[in-house]
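What follows draws every value from the coordinates through simple rules; no lab data is involved. None of these values were measured; they are calculated from a predicted model. Methodologically, a virtual Cβ is constructed for each residue, glycine included, from the backbone with ideal geometry; neighbour enumeration extends over all protein chains shown.
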Amino acid sequence: MQVDLQGPWSPLFGRLTLDAIPYDNPIIVGTFLGAATIGLIVVAAVLYYKKLPYLWREWLTTVDHKKIGVMYIILGLVMLFRGFVDGLMMRTQQVIAVGPDSPGVLGAQHGFLPPFHFDQVYSAHGTIMLIFAATPILAGLGNIIVPLQIGARDMAYPYLNAVSLWLTTAGAALIMLSLFVGQFSNAAWVGLMPLAELPYNPGVGVDYWMWAIQLSSLGTTFNAINIIATIVKMRAPGMTWFRLPVFTWVNLSTSIIGLTAFPVLGVALSLLTADRYLGTDFFTVGHGGNFMLYIDLFWIWGHPEVYFLILPPFGVFSEIVPTFSEKPLFGYLTMVAASFAIAGIGWSVWAHHFFTMGMGPDLNGYFSSATMLVGIPTGVKIFNWLFTMYRGRITFTTPMLWAVAGIFLLLFGGFTGMMLSAPAINYTVHDSVFVIAHFHCMVLVVATGAFAAVAYWWPKVFGFKLDEHNGKLFFWTFVLGSVVVFVPMFGLGLEGETRRLDYIFNPQWRPLLIAEEVGIVLYCISIFYFLKMIYVSLRDRVPAGDDAWGTGRTLEWMTHTPVPFYNFAVTPQINALDELAWRRENGLDKVKPETFVPIHMPSNTAVPVIIGVLAMAFGFGMIWRIWWMAGAALLAIIVAVIARSFDKNQGYILTAEEIAKLESKTELASVIAEQPKRAPLDHVEAH
Amino acid sequence: MRFLRHFALCAPLLLLAGCSTVNFALFHPVGRVAEAEYHYTLLLVGVMMIIILPTFLLMVIFPLRYRKSRNATYAPNWSHSTIIEILAWGVPVAITAVLIHYSFVGVYAVNPYSPDALDGSPGSALPPIKVDVVTTDWQWFFIYPDQHIATIDDLVVPAGRRVVLRLTSTSVMNGFYIPRVAPMIDAMPGMRTEDSFEVDQPGTFEGFSTDFSGAGFSWMQFSTRVVSQADFDAWAKTVQANPNTLPYATFTQLAHPTVNFGAKPAYFSAPDPELFDKVVRDAMNGVAYPVPDSLTESVSSNEGKALVPAPASP
């Protein structure tokens, strides 16, 4: 049973026609030309320098957790830029389209974006920022750092790790494709029901949104399984539970959320898929469907997802603040307890996203109370960071600046979040830009956490530090931009401005909208300094030591900088919480291993990247209802997975002599250096 | 660097100095329900400040005081203090308990279905003014079952009377909201929600939809005019005399997707007495008012002319 669709359909091309390509829109054509030019330059450079085999062997087919992490972060940064441009367009539209006399260009009555485009832009902004920018960057950080912090060789499932990456990339690629072929959803990143159902959204936009999220959420679930297994099973000898660094603890709690929450999203989207493709009535208005069910399911995933995003930055701050205060973290045990308290309470607060949907006062009161409870462990964390700084010796390097800014944002975001959790206040600002400003404070904590972590661990991965001068300029312009965008936005919320407006009907809102636009300009300047920081750092390449900051406390600073592909020449024996600090105190931090034992390493595999490409083809086929394409891609994925299970490759052995040789010339063993070519093992006795 | 740092600290103050509170609708509530919302906003924020302000101060003082260059006291291994940890958990627990108490009191005070804030109000002695609110894509229908009149995008109520609204939608979700007067409540297809408010003095207030509903969402406003009882009665009489009637068949014509630029009002006499129930029943039976692909893809081509001819004004 296939539903009735508006518009033509053919067996060969499905719903895809030439009209789907918006060649008449100068913004999209310009974007396409820019993206195509950059893409061609990259491809030409790779071919000219004959780097294709290197790219294939060392990156596309790699199962090394550090390289996978780096690719996650690159993906996240690219999508962060795309999401920022969406934000720039929204802010600019709102500053132009004020009042009935405002000018309009490019087919819009007011501003430069007709509602059709504006609605796609805001939907894409939310989807991209949360699912394709924040999530991959945090997944990448966890991938790189967690195995290093627990003294592991790699993740528990290196092959699954690569599959996670390429599934996430396939989802991101579908979103980028929606810009040039067809359209994106206009029903917000949450999928507003019943607006996302066929009667109100007959085009392919919602399908793009649905399949992009579905693919990447599979990747995120696999990654959560991987992180949990790694932390539970792969800890070095002596690394007991309460010697785990807090960043590893939060990755465990966040992965438990990921493993348990993302399947709920998968089910909700699958039921919506059945509605849109088979004509069922799960979330429709009539025929016994109930769209409130979708809203509940979505937020049962959606709120834990918020804590899934915010917990890793808490872990980052918990690493950075002690390092640059030259003191151990205050209240380690309560920090761990608070992380799991946040993750646990996160499951019981979802209905605070719809206090205005007519729940009774008792139910609203319950969800209000549960939400306020989150404030307790969050407050504890802030106090613990503060008392880590207390009687410390603080140096304000770039990572420390980001961490302090993140804690300020957390205080302000937490305060406004407590306001919103009271229904009496929520009835006045729900769905207003006050809410937008609040959760941007919170996701800016994620952004500051991510930038802090990138600056902090960059030398560990690449062997040289990021440029501090430009890094600080990037920091100050970014923080100033955030203040100038979001403080006026709180004001607009109190003036009553509602969210998702492509035309501003109240001219009184104009002054603060102009202020927000100034903040956006500051953000643009901060991007310039970010790029300059990367450029200057790559040009100068000031080498960093093993303990790059000189005051590192945890295990990752004990191995070489940059980290060799086998992580540790000899699996370390752990003696204390903050192992490196303990060894430094006992004069053991400079001791090098004398004898080596062979290391068993996983071989590269092309199957994950092939699965990624096939998953994208499957998604594209489903979106445009090109059944042969979707069917063939799905079949090929199944064949690839089965074929891989017959692969007898058991990895390879790095001999003790090779390790000794590599250890004497560590620059050969960096993350960007090549692995030795080696015939795979048929059989392996033990790890 | 120093300049940037100082500017970063001062920028928000500059912005605050640049605007008075006149524009801040939520600081100027009208009527008992909105005033209760404002009261609980101030009360809860006040309680939160007991913990937020000292924390903020510590966050400013500690990083400045314990900079390496200041050579302040350094305790390289100090990482535990039972007293501080008990306080770090205990104070937030105590503050949160107080907040939860006031949140529960507040949610009953402004409960849209039956706000405690209206207990003993002048209007509670009189029978309430009933208004049925039906949202379409993208207009507001206000139906007065007792006065036998209906309007589009114009809500007129008498001062000093309790107004009780029933809300539903023909198509997708919308949020009903009059910032200075009435708490927000969603209008949902196939379902019924309620809202209540009471204003003592005449005045005109802006209302609009808060929950995104598609291409015409940004033009989905309505005016709320609170008038004296005598003016309301006179106004109702004028509309009752309007030759345009609103039987259900006419309503279903008007319910098709229409962008009402500028929220131009329209008035009807003799609306179908069961209109609200029929809208709910139809939605539950799967009657939809689909948005044509052309309107989701390019509203600009339809701008300036509504898809369905606008009904005549009185």
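Pairs from the list A:LYS327/A:LYS381; A:LYS327/A:LYS465; A:LYS67/B:LYS68; A:LYS327/B:LYS68 with a Cα-Cα gap above 24 Å: A:LYS67/B:LYS68. The mean number of partner chain beta-carbon atoms within 10 angstrom of a residue's beta-carbon across peptide A:356-366 is 6. Near A:ILE653, the amide H atoms lying under 5 Å from its own belong to A:MET601; only residues 5 or more places off or on other chains count, and H is placed 1.01 Å from N.
Based on Cα contacts under 8 Å between residues 6+ apart, chain B shows a relative contact order of 17 percent.
Neighbouring Cβ atoms from other chains, within 10 Å of the Cβ of residues in B:63-76, number 6 on average.
Using only Cα atoms, locate the centre of segment A:535-578 and the centre of segment A:181-221, then give the distance between them in Å, rounded to an integer. Segment A:535-578 and segment A:181-221 have Cα centres spaced 42 Å from each other. Between rounded, prolate and oblate, where does segment A:44-127 land on the alpha carbon gyration tensor, with a ≥ b ≥ c its root eigenvalues, rounded for a/c under 1.5, else prolate if a/b exceeds b/c? Here segment A:44-127 falls in the prolate category. For the Cα atoms of chain A, what angle does the longest principal axis make with the long axis of helix A:158-180, in degrees from 0 to 90, nearest 10? Orientation of helix A:158-180: about 30 degrees from the principal axis. Straight-line cross-link reach from B:LYS278 at under 26 Å between alpha-carbon atoms covers these lysines, not counting any fewer than eight positions away in the same chain: B:LYS130, B:LYS237, B:LYS264. Simple point charges give the picture: +1 on the Cβ of Lys and Arg, -1 on the Cβ of Asp and Glu, and for segment B:120-266 a dipole about the Cα centre of about 160 debye. Remark: segment A:606-623, residue by residue, has Karplus-estimated 3J(HN,Hα) of 8, 4, x, 5, 5, 4, x, 4, 5, 4, 5, 4, 4, x, 4, x, 5, 4 Hz, where x stands for each Gly or Pro and the curve is 6.51 cos²θ - 1.76 cosθ + 1.60 at θ = phi - 60°.
Each of A:LYS233 and B:TYR113 was given a label point 7 Å from its Cα along the Cα-to-Cβ line. The distance between the two points is 5.1 nm.
I want to verify a result. In a Gaussian network model of chain B, Cα cutoff 10 Å, which of these has the top mean-square fluctuation: B:SER81, B:SER103, B:SER209? Result for chain B, Cα springs under 10 Å: B:SER81 fluctuates most.
Counting only DSSP beta bridges with both residues in segment B:84-189, what percent are antiparallel, rounded to the nearest 5?
Percentage antiparallel, nearest 5: 60.
Here is how the number arises for chain A: DSSP H runs of 4 or more residues each give -39500 (n - 2.57), the sum is divided by the residue count, and the result at 222 nm is -21000 deg cm²/dmol.
Short-range pairs are left out: with C-alpha atoms under 8 Å and at least six residues apart, the relative contact order of segment B:124-288 is 28 percent. Near B:VAL156, the amide H atoms lying under 5 Å from its own belong to B:ARG225; only residues 5 or more places off or on other chains count, and H is placed 1.01 Å from N. A DSSP coil position with no more than 11 other Cβ atoms inside 10 Å describes the following trypsin sites (Lys or Arg not before Pro) in segment A:553-597: A:LYS590.
Across peptide A:183-194, the average count of Cβ atoms from other chains found within 10 Å of a residue's Cβ is 3.
Spatially, segment B:139-179 and segment A:270-326 are offset by 34 Å when compared through their Cα centroids.
What's the longest bit of chain A with no exposed GluC sites (Glu not before Pro), using DSSP loop states and at most 10 other Cβ atoms within 10 Å as the test?
The reported range is A:1-593.
The loop-placed chymotrypsin sites (Phe, Trp or Tyr not before Pro) in segment A:246-280, going by DSSP, include none that has at most 13 neighbouring Cβ atoms within 10 Å of its Cβ. Distant-in-sequence amide contacts of A:ALA188, defined by a placed amide H-H separation under 5 Å and a gap of 5 or more residues or a different chain, comprise A:SER123. When DSSP beta bridges are restricted to pairs lying wholly in chain A, around 75% turn out antiparallel. Ranking A:VAL321, A:VAL479, A:GLY87 by Cα position along the charge dipole of chain A, where only Lys, Arg, Asp and Glu carry charges on their C-beta atoms, puts A:VAL321 farthest toward the positive end. Per-residue 3J(HN,Hα) values for segment A:405-414, derived from phi via the Karplus relation 6.51 cos²θ - 1.76 cosθ + 1.60 with θ = phi - 60°, read 4, x, 5, 4, 4, 5, 4, 6, x, x Hz in sequence order (x marks Gly and Pro). Cβ crowding within 10 Å, taken as a proxy for footprinting-reagent exposure, orders A:PHE314, B:PHE261, A:PHE291 from fewest neighbours to most as B:PHE261, A:PHE291, A:PHE314. Its relative contact order, with pairs defined as Cα atoms under 8 Å and 6+ residues apart, puts chain A at 17 percent. Each residue of segment B:230-247 was assigned a 3J(HN,Hα) from its phi angle through the Karplus expression (A = 6.51, B = -1.76, C = 1.60, θ = phi - 60°), giving 5, 5, 5, 4, 5, 4, 4, 4, 4, 5, 4, 7, 5, x, 6, 9, 10, x Hz with x at Gly and Pro.
Taking a ≥ b ≥ c as the square roots of the Cα gyration tensor eigenvalues, segment A:373-510 comes out oblate, since a/c reaches at least 1.5 and a/b does not exceed b/c. Taken as Cα centroids, segment A:126-180 and segment B:225-296 sit 51 Å apart, rounded to the nearest whole angstrom. Going from the fewest other Cβ atoms within 10 Å to the most, the residues B:HIS39, B:HIS28, A:HIS352 appear in the order B:HIS28, B:HIS39, A:HIS352. Taking every DSSP bridge with both residues inside segment B:124-288, close to 65 percent are antiparallel. Each of B:SER124, A:SER368, A:SER537, B:SER69 was scored by other Cβ atoms within 10 Å of its Cβ. Listed from fewest to most, they are B:SER69, B:SER124, A:SER537, A:SER368. Classified by the C-alpha gyration tensor, segment A:1-289 has a prolate form. Its axis ratio a/c, with a ≥ b ≥ c, is 1.5 or above, and a/b is larger than b/c.
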